[in-house]
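*Asks:* Quick one: the structure is below, and I'll ask about it shortly.
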Amino acid sequence: MIIVLIGYMASGKSTIGKVLAEKLSYDFMDLDEIIERKEQNSISDIFKFKGEIHFRKLETHYLETSIMDQDKLVLSLGGGTPCYGNNMTILQNADQVRTIYLKASLNTLIDRLKNEKSKRPLISHLQTNEELTEFVAKHLFERRQFYEQADFTITTDNKALDAVASEILTSLNQ
Ligand code: S3P
């Protein structure tokens with residue numbers, strides 16, 4: 001099985017993914033890290049010098065190669081991955097893949113993102129908390145339809161990492 005974690009920026013995909021992989025003795029991979037390693041370039045610089053469209057093509061390419069011939073893997077995606085190209089269809093058509101949407105409230109996301117803007121090119125230009133909140137609220141509204149296609153949705157607000165990982169395991173075993 002390949003467990004794919006999806007959700008908005010700062011929803012905890014990588015942090016929870018590592019805990020889950022540890023519990024299952026699976027490998028853990030993060031799609032942004034794969035892209036940075038293979039391209040020898042940071043996500044910020046790919047956006048800056050090659051543009052978002054190029055980044056989205058890389059994202060689809062490395063998503064496909066990362067799930068090919070794999071088993072016992074937890075893979076966390078970028079916040080936008082499920083929302084572009086045919087990425088959600090690729091995941092739904094892969095028999096061994098189970099997708100989990102990590103759903104966090106707007107308040108939780110803003111609380112985390114306000115201190116983590118610099119590495120995230122889509123929000124790094126937003127100056128005030130009001131601008132950030134307005135952007136994220138609209139963006140989440142547009143993206144929700146993709147996230148909600150996941151096999152399972154787990155809400156994460158005010159839950160310990162371990163509790164979220166256990167809930168994911170329970171949903172997968174049902
Ligand atoms: C993006 C999310 C980022 C990264 C890129 C674009 C997005 O990943 O892939 O900056 O479109 O939401 P995280 O969700 O890990 O921040």
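*Asks:* Which one is surrounded by the fewest Cβ atoms within 10 Å (Cβ to Cβ), of the residues in segment 5-34 that are within 8 Å of the ligand (Cβ to nearest atom) and assigned to a helix (DSSP H, G or I)? Give the derivation first.
*Replies:* Step one: list which residues in segment 5-34 are within 8 Å of the ligand (Cβ to nearest atom), which gives 7-11, 13-14, 30-32.
Remaining after also requiring assigned to a helix (DSSP H, G or I): 13-14, 31-32.
Details: Lys13: 28, Ser14: 18, Leu31: 21, Asp32: 21.
The selected residue is Ser14.
*Asks:* Another question, then. Among the residues of segment 35-56, count how many are aromatic (Phe, Trp, Tyr), exposed (fewer than 14 other Cβ atoms within 10 Å of the Cβ) and touching a residue at least 12 places away in the same chain (Cβ under 8 Å). Reasoning before the result, please.
*Replies:* Taking segment 35-56 as the starting set, the residues that turn out to be aromatic (Phe, Trp, Tyr) are 47, 49, 55.
Next, only the ones that are exposed (fewer than 14 other Cβ atoms within 10 Å of the Cβ) stay: 49.
Among the residues that remain, those that are also touching a residue at least 12 places away in the same chain (Cβ under 8 Å) are: none.
Of the residues in that region, 0 qualify.
*Asks:* Mind checking whether some residue in segment 110-122 is small (Gly, Ala, Ser) and at pLDDT 95 or above? Write out each step before concluding.
*Replies:* Quick first cut of segment 110-122, residues small (Gly, Ala, Ser) only: 118.
The next check asks that each one be at pLDDT 95 or above; those that pass are none.
The answer is no, given that none of the residues of segment 110-122 is small (Gly, Ala, Ser) and at pLDDT 95 or above.
*Asks:* When residues of segment 58-103 are filtered for being out of contact with any helix residue (DSSP H, G or I) (no Cβ under 8 Å at 6 or more places or on another chain), touching a residue at least 12 places away in the same chain (Cβ under 8 Å) and part of a helix (DSSP H, G or I), how many remain?
*Replies:* 1
*Asks:* Would you check if Glu131 is surrounded by 14 or more Cβ atoms within 10 Å (Cβ to Cβ) and of a type in the set (Asp, Glu)? First the steps, then the outcome.
*Replies:* Values: surrounded by 14 or more Cβ atoms within 10 Å (Cβ to Cβ): no; of a type in the set (Asp, Glu): yes.
So Glu131 fails the test.
*Asks:* Now for a separate question. If we scan segment 68-81, do we find a residue that is under 12 Å from Tyr8 (Cα atoms), out of contact with any strand residue (DSSP E or B) (no Cβ under 9 Å at 6 or more places or on another chain) and open to solvent by 40 Å² or more (accessible area, probe 1.4 Å)? Steps first, answer last, please.
*Replies:* Pass one, segment 68-81, residues under 12 Å from Tyr8 (Cα atoms): 76-81.
Now narrow it down to the ones that are out of contact with any strand residue (DSSP E or B) (no Cβ under 9 Å at 6 or more places or on another chain): 80.
With open to solvent by 40 Å² or more (accessible area, probe 1.4 Å) added as a condition, the list becomes none.
No, every residue in segment 68-81 fails to be under 12 Å from Tyr8 (Cα atoms), out of contact with any strand residue (DSSP E or B) (no Cβ under 9 Å at 6 or more places or on another chain) and open to solvent by 40 Å² or more (accessible area, probe 1.4 Å).
*Asks:* Which residues, taken from segment 27-74, are closer than 18 Å to Gly85 by Cβ and of a type in the set (Gly, Ala, Ser)?
*Replies:* Gly51, Ser66
The values are calculated or read from the model by the stated rules, or taken from the named source; none is laboratory data. As the structure is a computational prediction, the values presented were derived from the model and not from experiment. Note: ideal-geometry Cβ built from the backbone for every residue, glycine included; neighbour counts use all protein chains shown. Surface accessibility is based on the protein's heavy atoms, side chains included, excluding ligands, DNA and RNA. Shrake-Rupley method; radii C 1.70, N 1.55, O 1.52, S 1.80 Å.
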